[in-house]
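Visitor: Here you go, one structure.
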Amino acid sequence: MQTIQSDEIKRHAREWGADLAGVADLELIRGIRTRPEGLLDHFTRAVSVGVRLNGPVLDMITDAPIPLYAHVHRVANQLLDSITFHLAAFIIERGYDAVPVPASEAAVLAEKLDTKGKDSLDWDPLTSSTLPSKAVARAAGLGWFGKSLLIVNPAIGPRFRHASVITTMPLTPDTPLKSRCGACMECVNACPVQAIRGLTFEGVPPAREEVLDFPRCRETLWLTFKNIPGVGYPICGVCMSVCPWGKRKGSPGG
Ligand code: SF4
Ligand code: SF4
C-alpha cells in the first residue's frame, strides 16, 4: 500500500475542479444515519470537497430560486460527482478502499417526481441520503454549521456545494471550525417562510427541529419552488445568497 499525504489528496481534488477540500475523521460522525445502515463501519476517513457556486447568479436571488440557480446547482453536482469519482479511483489504485458518495440524491429523485398540486409527499426517501454531506464537510473543516444549517466557509460563505469520498486511507484529518455566525440574523430575516429559528449554537447543531422548521422548509422547496418554471429542483438559495460570509471576506459585522 502506498501512503498518501492529505495535502496530496487535496491538491488532486483541486486539479480536478474542487475549490475546497478537507479530510474528516469519521469518529466525529460515527453513529450518523446512513443508507445502507452501517455504511461507515469499514471506513475511517472521508475526503470532503466543495465546488463554489456562481456569485452573480446567487446575487440575483431575492425571495425564491431562479432557473439560472438551478443550472449552476445542477452543474456543480455533476462536477462534484466527477471529482469524487476520480478521487475514489485514485485512492483505490494506491491500495485502499474508497467510495464516492453522490452529490445530490434529492436532485435525481426530484427529476422523476411530479409534485404539482400535492400538499404532502412521502418525505423519508426524499430527505434521507447515503451520507449527510454537511456533517462530513463540517468534520473536514470546510466550514461551520450556520444558523441556516448550511455549511459556512470563512472565505466563500455558504456559496458552495459539497460531496465526499469515504476511505480506509489513513489520511491526517483536519479540524472542525468554530461558528462565526455571532449575532448575525441575515438568513433568519430573509427566509421567505420564517423557517430559521435564529438559535445560536456551537459545533454540531442540537436536534434539527430546534434550529430549523425543517418541514416548512422542505415543503416550500419540494411543493412550491420545484414547480417554478425552469427550476424543477427542490432548491431555494435565499439563505445562501444573503449570508455576509459569502458576499465578502471578513466578519458579518465588518
Ligand atoms: S432554504 Fe429557503 S426556505 Fe429553507 S431555510 Fe433557507 S431560506 Fe428558508
Ligand atoms: S446569514 Fe448570518 S446567521 Fe445565517 S449562516 Fe450566515 S453568518 Fe450565520
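The values are calculated or read from the model by the stated rules, or taken from the named source; none is laboratory data. Just so it is clear, the structure is predicted and the values come from calculations on it, not from any experiment. Virtual Cβ from ideal backbone geometry, glycine too; neighbours counted across all protein chains shown. Areas reflect the complete protein model, heavy atoms only, side chains present, ligands, DNA and RNA absent. Shrake-Rupley method; radii C 1.70, N 1.55, O 1.52, S 1.80 Å.
Visitor: To the nearest 10 square angstrom, what accessible area does Cys184 show with a 1.4 Å probe?
Guide: Probe radius 1.4 Å; accessible area of Cys184 about 30 Å².
Visitor: Give me the log10 of I(q) over I(0) for the chain at q = 0.13, 0.15, 0.17 Å⁻¹, as the Debye formula computes it from C-alpha points; what are the numbers?
Guide: -0.81, -1.09, -1.39
Visitor: So in the chain, which Cys have no other cysteine's beta-carbon sitting under 4.7 angstrom from theirs?
Guide: Cys with no partner Cβ under 4.7 Å: Cys181, Cys184, Cys191, Cys217, Cys236, Cys243.
Visitor: Using R₀ = 25 Å, calculate the FRET efficiency as 1/(1 + (r/R₀)^6) where r is the Cβ-Cβ separation of Thr62 and Val193; round to 0.05.
Guide: Details: r = 14 Å, r/R0 = 0.57.
For Thr62 and Val193, the calculated efficiency is 0.95.
Visitor: Karplus couplings for the range 227-242 from phi (6.51 cos²θ - 1.76 cosθ + 1.60, θ = phi - 60°), rounded to Hz, Gly and Pro as x?
Guide: Rounded to whole hertz, the list is 8, 5, x, x, 8, x, 10, x, 10, 9, x, 5, 5, 6, 6, 8.
Visitor: At 222 nm, what value in deg cm²/dmol follows for the chain if DSSP H runs of at least 4 each add -39500 (n - 2.57) and the sum is divided by all its residues, to the nearest 500? Numbers along the way, then the final one.
Guide: Values: 11 runs with 87 residues, N = 254.
My calculation for the chain gives -9000 deg cm²/dmol from helical runs alone.
Visitor: Okay, next question. Using alpha carbon centroids, what distance separates the range 16-57 and the range 184-254, in Å?
Guide: One Cα centre to the other: 21 Å.
Visitor: Still on this structure, please answer the following. Under a cut-off of 25 Å between alpha-carbon atoms, report the lysines in cross-link reach of Lys112, not counting same-chain residues fewer than 8 places apart.
Guide: Within the straight-line cut-off, Lys112 pairs with Lys134, Lys226.
Visitor: Here is a follow-up. Going highest first, how would you order 117-128, 202-213 by mean Cβ packing within 10 Å? It would help to have the intermediate numbers written out before the result.
Guide: Details: 117-128: 11.7, 202-213: 13.7.
Per-residue mean Cβ counts within 10 Å order the peptides as 202-213, 117-128.
Visitor: Could you tell me whether the range 128-254 comes out rounded, prolate or oblate from its Cα gyration tensor? Rule is a ≥ b ≥ c as square roots of the eigenvalues, rounded for a/c under 1.5, then prolate if a/b exceeds b/c, otherwise oblate. Please list the in-between numbers first.
Guide: Numbers: a/c = 1.66, a/b = 1.23, b/c = 1.36.
Oblate is the answer for the range 128-254, as a/c is 1.5 or above yet b/c matches or exceeds a/b.
Visitor: What full-extension length gain, to one decimal in nm, is calculated for Arg180 and Glu210 as 0.36 nm per residue of separation minus the Cα-Cα distance? Intermediate results must be reported in sequence, preceding the final value.
Guide: Values: separation 30, 0.36 × 30 = 10.80 nm, distance 1.89 nm.
Here the segment from Arg180 to Glu210 would lengthen by 8.9 nm.
Visitor: Here's something else I'd like to know. Using θ = phi - 60° and the Karplus form 6.51 cos²θ - 1.76 cosθ + 1.60, what ³J(HN,Hα) does each residue of the range 166-175 get, whole Hz, x for Gly and Pro?
Guide: Each residue of the range 166-175 in turn: 8, 8, 9, 5, x, 6, 6, x, 8, 9 Hz.
Visitor: For the range 1-62, list log₁₀ I(q)/I(0) at each q in 0.14, 0.15, 0.22 Å⁻¹, using the Debye formula over Cα point scatterers of equal strength and ignoring solvent, two decimals each.
Guide: Debye intensities relative to I(0), on a log10 scale: -0.61, -0.67, -0.95.
Visitor: Taking the chain as a Gaussian network, where each spring joins two C-alpha atoms under 10 Å apart, which residue of Ile166, Ile228, Ile156 fluctuates the most?
Guide: Among Ile166, Ile228, Ile156, the largest mean-square fluctuation in the Gaussian network model of the chain belongs to Ile228.
Visitor: Can you work out the Karplus-derived ³J(HN,Hα) for every residue in the range 11-16? Use 6.51 cos²θ - 1.76 cosθ + 1.60 with θ = phi - 60°, whole Hz, and x for glycine or proline.
Guide: So the Karplus estimates, Gly and Pro as x, are 5, 5, 4, 5, 4, 8 Hz.
Visitor: Against the longest principal axis of the chain, how steep is helix 67-93, in degrees 0 to 90 to the nearest 10, with axes from Cα atoms?
Guide: That works out to roughly 10 degrees.
Visitor: Shifting gears a bit: Top mean-square fluctuation among Pro102, Pro170, Pro65, Gaussian network model of the chain, C-alpha springs under 10 Å?
Guide: Pro170
Visitor: Here's something else I'd like to know. Only Cα pairs within less than 10 Å get springs; with that Gaussian network setup on the chain, which residue of Val23, Val238, Val136 has the largest fluctuation?
Guide: Val238
Visitor: Let me ask you something else. Taking a probe of 1.4 Å, how large is the accessible area per residue of the chain, in Å²?
Guide: Values: 11720 Å² over 254 residues.
Spelled out: the 1.4 Å probe surface of the chain, per residue, equals 46 Å².
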